[in-house]
Amino acid sequence: MNRRFLHAAAGLALVLLAGLAKGQATPVGVWKTIDDDSKKEKSLIRISDSGGVLTGKLEKLLDPATPTDAVCKECTDERKDKPVVGMTLIRNVKQNDGDTAVWDGGDILDPNNGKVYRVRLKPVDGGAKLEVRGYIGTPLLGRTQTWIRAE
């Protein structure tokens, strides 16, 4: 009886650990951005991890009204007048030391207005969605978009 209990307990522990590992969602992957006003899909952003630092590139424009050769006319840094497809929009984001469910410390570019904001990324719904908060100064002064995992 003791042996059976130990096997059952070990099996349950493995199942729980597997569930916890799966629940440790990260922002890494491909995400569909959604327009705040029209609620239509706008683009695909691929977030990659290189040595614990996340970057996000605009991989594809989904809105047929947006020209595929669009450039960032409003950008004020090295991205000015560069094509938005292939552009790095998210830079230097790392997992938060105090809250491992959050990635922050970097910035995000809004190619529509050329403004660069601080950014906080938080996977939700088991990693199926990503809360992307762009802000100035403190996260209280900003706005959040919810992106949907595409792959």
(message) Please list, in order along the range 60-76, the HN-Hα scalar couplings obtained from phi with the Karplus expression 6.51 cos²θ - 1.76 cosθ + 1.60 (θ = phi - 60°), rounded to whole Hz, x for Gly and Pro.
(response) 7, 8, 9, 7, x, 6, 8, x, 5, 9, 4, 10, 8, 5, 8, 4, 10
(message) Below 8 Å, C-alpha to C-alpha, sequence gap of six or more: please give me the relative contact order for the range 66-151 in percent.
(response) 18
(request) Determine which aspartates and glutamates satisfy two conditions relative to K39: a Cα distance under 18 Å, and not lying fewer than 8 residues away in the same chain. (result) D63, D110, E131
(request) Enter the accessible area per residue of the range 57-151 (Å², integer; probe 1.4 Å; all protein chains in place). (result) 59
(request) With a cut-off of at most 10 other beta carbons within 10 Å, and DSSP calling the residue loop, which GluC sites (Glu not before Pro) in the range 74-137 qualify? Please list them. (result) E78
(message) Can you give me the long-range amide H partners of S43? Hydrogens built in the peptide plane at 1.01 Å from N, cutoff under 5 Å, separation of 5 or more residues or another chain.
(response) T33, L62
(request) Can you tell me the relative contact order of the range 16-127? Whole percent, Cα pairs under 8 Å, sequence separation 6 or more. (result) 22
(request) Step through the table entries K40/K60; K80/K122; K94/K122; K73/K94; K60/K129, compare each Cα-Cα distance with 20 Å, and write down the pairs that go over it. (result) K80/K122; K73/K94
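The values are calculated or read from the model by the stated rules, or taken from the named source; none is laboratory data. Here the structure is a predicted model, which means the values were calculated and not measured. Backbone-built Cβ (ideal geometry, glycine too); neighbour counts: all protein chains shown. The protein model used for the area step is the full one, side chains on, heavy atoms only, and it has no ligands, DNA or RNA in it. Shrake-Rupley method; radii C 1.70, N 1.55, O 1.52, S 1.80 Å.
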